């Protein structure tokens, strides 16, 4: 391989590595404050109907930071979006996108906002 071509390949590989690293470390877009309030309400009312109003368990398991710590975020997002076949857990894809489900997962792992 001649030297100019090798230099171009090296530059392209470096730029690709930078782009991949930036994409992996980028936070997903945050919902605006009105949508965040709607999502908190949805989790408290809809998710709370099975997971308990304090999200400490009921028909469904607890959604506390301690319980969720062992689960990868992408697995939890997939559960929210697609549900769990054979269980009472429905998919919420009609009401949420993956970014919003990711926002919910992050809040649950931090400790969901307290009841009003």
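The values are calculated or read from the model by the stated rules, or taken from the named source; none is laboratory data. Everything numeric here is computed off the predicted structure, so don't read it as measured data. Cβ placement follows ideal geometry from the backbone for every residue including glycine, while neighbour counts extend to all protein chains displayed.
Taking the stretch 25-60 as the range and being assigned to a loop (DSSP other than H, G, I, E, B) and more than 18 Å from the chain's Cα centre (by Cα) as the test, the residues that pass are 52, 53, 54, 56, 57, 58, 59, 60. Can you find even one residue in the stretch 98-106 that is at pLDDT below 95, surrounded by 12 or more Cβ atoms within 10 Å (Cβ to Cβ) and touching a helix residue (DSSP H, G or I) at 6+ places or on another chain (Cβ under 9 Å)? Checking the stretch 98-106: not a single residue is at pLDDT below 95, surrounded by 12 or more Cβ atoms within 10 Å (Cβ to Cβ) and touching a helix residue (DSSP H, G or I) at 6+ places or on another chain (Cβ under 9 Å). None of 64, 79 is farther than 20 Å from residue 90 by Cβ and surrounded by 13 or more Cβ atoms within 10 Å (Cβ to Cβ) except 64. Comparison of 48, 58, 83 shows that the only residue that is closer than 23 Å to residue 34 by Cα and without any contact (Cβ under 8 Å) to a residue 40 or more places away in the chain is 48.
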